[in-house]
Structures are given as C-alpha cells and as structure tokens.
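Engineer: Please see the structure below; I have some questions.
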Amino acid sequence: MGTNERNPELPDPYRPSRETMRETLVERQIREAMEAGAFDDLPHQGRPLPLDDDSAAGAWALAHRMLKNAGSAPPWIESDKEVRAQLARRDAILARAPRVGPRGQARMRADFVEVIAAANRAIDRVNAEAPTDRQHRRRLEPTSELARLEAAFADGERPEA
C-alpha cells in the first residue's frame, strides 16, 4: 500500500487498497458478464421478484417451499397427479371409442378396465395420504364407467346423416 506524500502516515488516496482492489475485481467481472450478455433473458428482469405467499400453509410453509424448490410435492399431491393422469387416459380412450371397429373394442375394453383399476388405486392412495377429507376423491364406479365406454362405442355405430 502506497503512502501519502504529504503525510506518510496516511494511505495514498489515489492508490487502491486490497479491499478496493477486490471490489474493483468483482465489479469488473460483473461488468464484463453484463457486456457479454450473461444476465440477459433472466426471469423477472426489470421487475421485482415475486414472493410466494405461504401464509395459508402455516407451520408447514417452510416444508412446502423446500419441496417446491426441489421439484417435488407432498405424497398426496404426487398421488393426485397420478389420478389426474389416469383420468386423462380414461378420457382419451372414451374419445377414441367411437372410431374403433368391433375388433378393437375388446382390446379397448381391457385397456379401459385396467385404467379404471389404476385410477382407483391412485385414488385410494390420495385418500390415505391426504391430510384432510377436503382433498379426498371419490372412487370410480367400474360398471358406470364401462357403460360410458359402451355408449361411446354405440355413438360410432350410428350412421351420420
């Protein structure tokens, strides 16, 4: 560190200290990164960062935030995702059913029964893992679901006018 010519006891104000050199180095690295575009296209650029309101989560707020940041969710929510996936498969089968001929109907019925059983297993998991009754789901009734499939098959057999 250089000394001041007027007062050798004081540091030279024109010669940077180590702390100033570190700041200057960091600032220079940030400036160079900005010039290179390293900070372009960041989410929420130019706006305040959104804060998650966990007030409804109460004492579980930290646990929920940690799971969310890890890309995970409580077990009952993960099970509910499986229920929704199985219901989507069921709806896709029902949408395809009018276009299926008599040969494909038997295979489609077997697939449909399998999807309904898988959905009910996932619903059972949700109902067992959910913290309150509000998150519970009603099981699918296999006979009424099969009746929906048969109705969809019948829709495909009607001649169009």
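The values are calculated or read from the model by the stated rules, or taken from the named source; none is laboratory data. Treat the numbers as computed from the prediction; the structure is a model and nothing was measured. Here the Cβ positions follow ideal geometry from the backbone for every residue, glycine too, while neighbour counts run over all protein chains shown.
Engineer: Determine, yes or no, whether Arg65 is in a helix (DSSP H, G or I), within 30 Å of Asn127 (Cβ to Cβ) and modelled with pLDDT of 85 or more.
Structural biologist: In short, no.
Engineer: Moving on to the next point. Kindly check whether there is at least one residue in region 112-134 that is over 20 Å from the mean Cα position of the chain (by Cα), assigned to a loop (DSSP other than H, G, I, E, B) and under 24 Å from Ala63 (Cα atoms).
Structural biologist: For region 112-134, residues over 20 Å from the mean Cα position of the chain (by Cα), assigned to a loop (DSSP other than H, G, I, E, B) and under 24 Å from Ala63 (Cα atoms): present.
Engineer: Identify the single condition in (1) loosely packed, with under 14 Cβ neighbours inside 10 Å; (2) over 17 Å from Gly156 (Cβ atoms) that Gly101 does not satisfy, given that it satisfies every other one.
Structural biologist: Every listed condition holds for Gly101 apart from (2).
Engineer: Being outside the structural domain of Leu149 (by TED's automatic domain parsing), at pLDDT below 75 and surrounded by 10 or more Cβ atoms within 10 Å (Cβ to Cβ) narrows it down to one residue among Thr3, Thr24; which is it?
Structural biologist: After applying the criteria, what remains is Thr3.
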